[in-house]
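Report on the following structure.
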Amino acid sequence: MTGPALTARLGILLAWSAALGAAAFLLAPLVVIAAASFSPTPVFDLPFDGASLRWYARIGRLDGFWPALSLSLQVAAVSTGIALVLGTLAAIAIARGRLPFSGTLGTVLVSPLMMPGLVLGIALLQYFRAIGLDLPLAALLLAHLIITLPYVARTMIAGLSRFDFTLIEAARTLGCTFPGAVVKVMVPALAPAFLTAGLFSFLASFDNYPVSIFLTDVRTKTLPIKMLQYIEEAPDPTLAALSTLILIATVILLIASDRLVGLHRMAGTGQ
Amino acid sequence: MSDRALPAPATPAMKPAPDRERRLALLIAAPAVLVLVGLFALPLVKLLAASLTDATGLTLTHYAKLLGTSYYLGVIWNSLRLALVTTLIALAIGYPAAFAIARARGWVRSALLASLFLPLAASVIVKAFAWTILLRSDGLVNTVLVGIGIIDEPIRMIFTETALFVGSVNIFLPFMILPIYTVVAQFDGRLTEAAATLGAGPLEAFVKVVVPLTLPGVIAGVALVFSLSVSAYVVPTLLIGERYPTLSTTIAKAYLLARQPEFGAAAGVVLLAIAIAVVALSTRLGRTGGKA
């Protein structure tokens, strides 16, 4: 083999080792959690003999986990829903470019993403106190709206930048009503971005710890807060079992998204 | 679900006066802008104001304490070092990995992308918790290392910087790979072939053609990973704890334990300034890099 060909081969070999190594490294903690959830003993001794489902049976009896899970699901669903409406509308206004400073507006809408979560959390804590907002649920919902909105804005602005608005007019010329044209032309073209935006903002809200920790009280705790508290106090495989169930739900969501949109396209719009 | 994407009559096909269209655009952008002002801009202004006050009025004491005591300078350095190490390791692994993923086809590509998305979708707390299991002295990593004879007896890994960096890279690596992958996937493979035809060796073609073209992705990845890891909270809390105080853990302590919100606010402003500086610098580099 000649020198240049060898260099090229080595480069490809390096790239593949990095990719496979990265995949194994990234999946390792998930595999460990799944394995630990079947541990027969309260300590995570891997490997172990004889899988047990006792920790799965215990999930339902954990103190305060169901309310936390249900609160997290509600907050994530409501904030994502509102963010999808507001973010998509703003993205359309920005993409049409009829707004003054529409480029700047797009940047500003996305900027909370780059913001340290903890800083946003303390800023909101002080702000809500100053304006006298004393309802943990409302505070959480509002906070999660500012967590989810940038995801929607970023993804929808990217998706819309590739959408040709004259297609709607073309459909009108061909006899579609305006709502008909929107449903037949715009909705299918934007559905992948919309789905990606919804998925990512739901997960961002569902997993948020650094903002939520400042806005919860003894009775209003989201799942991540409850989980971290549990880990610090008395970790046992129950948490691994619960995480495994959430992980399975996430895998199902990702498979469905892959079928509907394709992970490849999501990697594009997600970024 | 997609009904919500309906843009209503935002894009009338009957060519209205530009005035009317601009009013409509303002109208549909207004709710998002209001949310942004009310829940982002105003709270930040309030935070900045809090960081500059104490019982007697305007003051710089919180910043003086933060930037004038060696302990807190160490805290700031800890945050920066965590971000620097994480970013460099993630770049070293992520850059070549992005190329292989972009070259892959079919189920291999899907599987590799899934290995990025799945951890991204899993809880940070759960992943950090998994590393505490893996890195314990009787954990799997030690068992394997002793088993294959690399080390004689278990080494202490949990609550060390090694654990912190391993966990941090693990959690933020996808944010490095994805932007680079996006750039590489769009990239025309014929460019390197053309370079080769013109007499460039693979290494020369890589340095002169591939690296400059992938620079926007690299800059985006570096900015993301740096700004995320500089403000990480769960990872240092679970993997190293008290012995590695960072700006994030200091802020949380000031608010949740010490009841010193003004000092916490000052630490928050410093952390925010670092994040903004990184983003601004990368935007600037991205712009000049794009021109070159």
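Is it possible to state the helix-based mean residue ellipticity at 222 nm for chain B, with each DSSP H run of 4+ residues giving -39500 (n - 2.57), the sum divided by total residues, to the nearest 500 deg cm²/dmol? What is it? Write down the numbers at each step before the final one.
Numbers: 14 runs with 211 residues, N = 292.
About -23500 deg cm²/dmol.
What's the buried accessible area, both sides, between B and A using a 1.4 Å probe, rounded to 100 Å²? Don't skip to the end; give the middle numbers.
Details: alone 17910 and 15980 Å², together 25270 Å².
So the total buried area for this chain pair works out to about 8600 Å².
Let me check I've understood the local charge: for B:LEU27, count other residues with C-beta under 13 angstrom from its C-beta, Lys and Arg +1, Asp and Glu -1. What total comes out? Each step should come with its number before you reach the end.
Values: positive: A:ARG96, A:ARG98, B:ARG20, B:ARG22, B:ARG23; negative: B:ASP19, B:GLU21.
Every neighbour counted, the sum reads +3.
May I ask you to rank B:HIS62, A:HIS264 by accessible area, largest first, using a 1.4 Å probe over the protein chains only?
Details: B:HIS62 25, A:HIS264 70 Å².
So the residues, ranked largest to smallest area, are A:HIS264, B:HIS62.
To the nearest whole number, what is the average tally of beta carbon atoms from other chains within 10 Å of the beta carbons of peptide B:45-57?
Numbers: counts 2, 9, 8, 1, 2, 5, 0, 0, 0, 0, 0, 0, 0.
The mean count of partner-chain Cβ atoms within 10 Å per residue comes to 2.
Compute the relative contact order of region A:155-204 as a whole-number percentage, counting only Cα pairs closer than 8 Å that sit 6 or more residues apart in sequence. Walk me through the intermediate numbers first.
Working: 24 pairs, mean separation 25.0, N = 50.
Contact order relative to length: 50 percent.
Based on alpha-carbon centroids, what's the gap between region A:56-85 and region B:120-155 in Å, whole number please?
First find each Cα centre; the distance between them is then 30 Å.
List the trypsin sites (Lys or Arg not before Pro) within region B:43-106 that DSSP assigns to loop and that have no more than 14 neighbouring Cβ atoms inside 10 Å.
On the way: sites: B:LYS46, B:LYS65, B:ARG81, B:ARG103, B:ARG105; in loops: B:ARG105.
Hits after loop and neighbour filter: B:ARG105.
Region B:235-289: which trypsin sites (Lys or Arg not before Pro) are DSSP loop and have at most 10 other beta-carbon atoms within 10 angstrom? Before the final figure, lay out the partial values.
Numbers: sites: B:ARG243, B:LYS253, B:ARG259, B:ARG284, B:ARG287; in loops: B:ARG259.
When the trypsin sites (Lys or Arg not before Pro) of region B:235-289 are filtered for loop state and at most 10 Cβ neighbours within 10 Å, B:ARG259 remain.
Over region B:47-117, what percent of the accessible surface lies on carbon and sulfur atoms, probe 1.4 Å? Numbers along the way, then the final one.
Working: 2530 of 3420 Å².
Result for region B:47-117: 74 percent of the exposed heavy-atom area is carbon or sulfur.
So what's the net charge close to A:GLY97: Lys and Arg +1, Asp and Glu -1, counting the other residues with Cβ under 11 Å from its Cβ?
Numbers: positive: A:ARG96, A:ARG98, B:ARG22; negative: B:GLU21.
After counting each charged neighbour, the total is +2.
The values are calculated or read from the model by the stated rules, or taken from the named source; none is laboratory data. Please read these numbers as outputs of a predicted model, since none were measured by experiment. Note: ideal-geometry Cβ built from the backbone for every residue, glycine included; neighbour counts use all protein chains shown. Accessible surface is based on the protein model in full, side chains and every heavy atom, while ligands, DNA and RNA are left aside. Shrake-Rupley method; radii C 1.70, N 1.55, O 1.52, S 1.80 Å.
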